[in-house]
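The values are calculated or read from the model by the stated rules, or taken from the named source; none is laboratory data. Being a predicted model, the structure only gives us computed values, none of them experimental. Cβ placement follows ideal geometry from the backbone for every residue including glycine, while neighbour counts extend to all protein chains displayed. Quick note on the areas: whole protein, heavy atoms, side chains included, nothing else; ligands and nucleic acids left out. Shrake-Rupley method; radii C 1.70, N 1.55, O 1.52, S 1.80 Å.
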Amino acid sequence: MRVSFTVNGRAETADDVWEGESLLYVLRERMGLPGSKNACEQGECGSCTVYLDGVPVCACLVAAGQAEGREVRTVEGLAEGDRLDPVQEAFVECGAVQCGFCTPGLVVQAHDLIERIPRPSDAEIREALAGNLCRCTGYEKILDAVRLAAARKAAAR
Amino acid sequence: MRMEFLRPATWAAALEAKAAMPGAAPIQGGTDMMVEINFDVHRPDALLDLNRVAELTRWTTEEDGRLRVGAGVPYTRLIDELGDRLPGLAQAARTVGSPQIRNRGTVGGNLGAASPAGDSHPPLLAGDAVIEVESAARGVRMIPAAEFYLGVKRSALRSDELIRAFWMSPASGPQYFSKVGTRNAMVIAVCSFAIALHPGERRVGTGIGSAAPTPRRAVAAEEFLAAELDWDARLDPEVLRRFGELASEAASPIDDVRGTAGYRGHAIGVMARRTLTWAWNEFRSGHPGRRAG
Ligand code: FES
Ligand code: FES
């Protein structure tokens, strides 16, 4: 089947999509957007997190056809041109990235958190990131990055 | 094998599609269904996408005062918008998966899957929820939650029916939910327990999760409290003890990868005593019976 939706502000169409295919597969394999990662395909790891109509979801659990006509924003759509989003900058600066596989999902999820709660408490950060697994960093530097990004975004407001 | 993708825009069209193809699997948040498809566990004739049926994502207060919550209201909205009126269900919703899962997952999906471990079921049972289902041929059926669950992943829903909503009265007394798992997120319940005080009727509702082939009420434990609980006094330790014992006896758990039958039976008794204590403290003091955290 044919599936059309908006990705990072651009209208995209994919043809010959299998009816059971996930949004994640369509993004990565048919639209050339491999930023969202595929690690578990069962909603356990959060590495495929994208915005669907402004709400973070696991792209592996959205059927591609369900995205028809809707708006998707992936990690590729967070930067403005060459300027990284403050969340991305903070991840780099804090050393919150090791192998990097979990990073896109964490960045999108942290981005949403700071949009909703500009100065999140540590408990709120932990709760927001509870569905994103990282097997490298031990999470401390990720928490540092989210605190830093929140502080910078608050200062810029 | 070929599979179809059906995208009805209205509830009437969804019912017609389901009637024409009873093997079509409804998909709402996809948090259960897509796992089965990704891992090739289940290959339905068609996916029946309900995301475009707008009325499923709404809730209303009906004339009799009950809430009618559309099957497509995601857990996140349930918590934000109805947490004050359905506190037991909201507590259970907070333990579902992760934020991303709660943004998509719905009570309707939990009911459709009818897993004994589904987190919504115990509070639906304790709060006397009624499930509204509908078919094009026979119209609406209202099924009390206690009659909805028939077996492991089997419910009273017929092959031409879809779940429209659940009905539940706003809490008239304290409600609590407790769940055993290995961590605080991304956990399928080892077992769970929900309690709802109905002070007007001098009655306590219960729900047991993941400790029997279906979610179920602890009927003997409820009847015991209806007979023995002194609503104007502090909680009698002997009544509390016996309540836990009867709740535990109401379970018929199995051994599996998440826990043993013996552990589950024990934990149900502990959670029954704990939740009743929290609820009773709140009822007597007017303040939450359990510290947040
Ligand atoms: S790949 Fe989607 S949650 Fe793991
Ligand atoms: S950096 Fe390797 S999984 Fe997180």
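The figures follow:
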item	result
Largest-first ordering by accessible area, 1.4 Å probe, given options B:Lys153, B:Lys179	B:Lys153, B:Lys179
Å² per residue, accessible surface of the range A:86-156 at 1.4 Å	46
Shielded residues, the range A:119-140 - accessible-area loss of 20 Å² or more between chain alone and all protein chains, probe 1.4 Å	A:Glu127, A:Ala130, A:Gly131
GluC sites (Glu not before Pro) lying in DSSP loop within the range B:1-98, provided at most 15 other Cβ fall within 10 Å	B:Glu62, B:Glu63
Whole-number Å³ per residue for the convex hull built on Cα positions in chain B	128
Gaussian network model of chain A, springs between alpha carbon atoms under 10 Å - residue of A:Asp16, A:Asp82, A:Asp53 with greatest fluctuation	A:Asp82
Extent along principal axes [Cα atoms of the range A:86-156; Å; largest to smallest]	30, 23, 17
Threshold 20 Å² - residues in the range B:100-119 whose accessible area is reduced by that much or more when the chain is no longer isolated, probe 1.4 Å	B:Gln100, B:Ile101, B:Arg102, B:Asn103, B:Arg104
Orientation-averaged projected area, Cα convex hull of the range B:1-48 (nm²)	3.3
Over the range B:99-244, volume per residue of the alpha carbon convex hull, in Å³	131
Helix-derived mean residue ellipticity, 222 nm - over chain B, DSSP H n ≥ 4, -39500 (n - 2.57), to 500	-10000 deg cm²/dmol
Whichever lysines have a C-alpha closer than 19 Å to that of A:Lys141, once near sequence neighbours (fewer than 8 apart) are set aside	A:Lys153
GNM result for chain B, Cα springs below 10 Å: residue of B:Phe193, B:Phe177, B:Phe166 fluctuating most strongly	B:Phe166
The range A:3-76: radius of gyration and largest Cα-Cα distance (Dmax), Å	10.7, 29
Cα radius of gyration and Dmax for chain A (Å)	15.4, 47
Dimensions in Å of the protein assembly as shown - Rg and Dmax from alpha carbons	22.7, 71
Rounded to 10°, Cα long-axis angle of helix B:11-20 versus longest principal axis of chain B	70
Buried on assembly, the range B:33-72 (at least 40 Å² less accessible surface than by itself, 1.4 Å probe)	B:Met34, B:Val35, B:Asn38, B:Phe39
Cleavage-rule hits, chymotrypsin sites (Phe, Trp or Tyr not before Pro), the range A:1-76, DSSP coil, Cβ neighbours within 10 Å at most 16	A:Trp18
Gyration tensor over alpha-carbon atoms, the range B:1-92, equivalent ellipsoid semi-axes in Å	29, 17, 9
The range A:3-76, accessible area per residue, ligands and nucleic acids excluded (1.4 Å, Å²)	35
Trypsin sites (Lys or Arg not before Pro) within the range B:192-254: DSSP coil, no more than 14 neighbouring Cβ in 10 Å	B:Arg202, B:Arg234
Helix axis angle, A:140-156 relative to chain A longest principal axis, alpha carbon, degrees	90
Calculated P(r) tail over 15 Å for the range A:69-116, as whole % of Cα pairs	45
Estimated buried accessible area (total), pair B and A, 1.4 Å, Å² to nearest 100	2300
Rg/Rg_ref, the range B:122-202, where Rg_ref = 2.2 N^0.38 Å and atoms are Cα	1.30
Equivalent ellipsoid semi-axes - Cα gyration tensor, the range B:175-284, angstrom	25, 14, 11
Cα-based helix-to-principal-axis angle, A:103-116 vs chain A, degrees rounded to 10	70
Apportionment of accessible area to carbon and sulfur, the protein assembly as shown, percent (1.4 Å)	49
Heavy-atom accessible area order for B:His42, A:His111, largest first, 1.4 Å probe	B:His42, A:His111
Local electrostatic count, B:Pro213, Cβ distance below 10 Å [Lys/Arg +1, Asp/Glu -1]	+3
Accessible area expressed per residue, the range B:1-154, with surrounding protein chains retained (probe 1.4 Å, Å²)	39
GNM result for chain A, Cα springs below 10 Å: residue of A:Cys134, A:Cys99, A:Cys48 fluctuating most strongly	A:Cys99
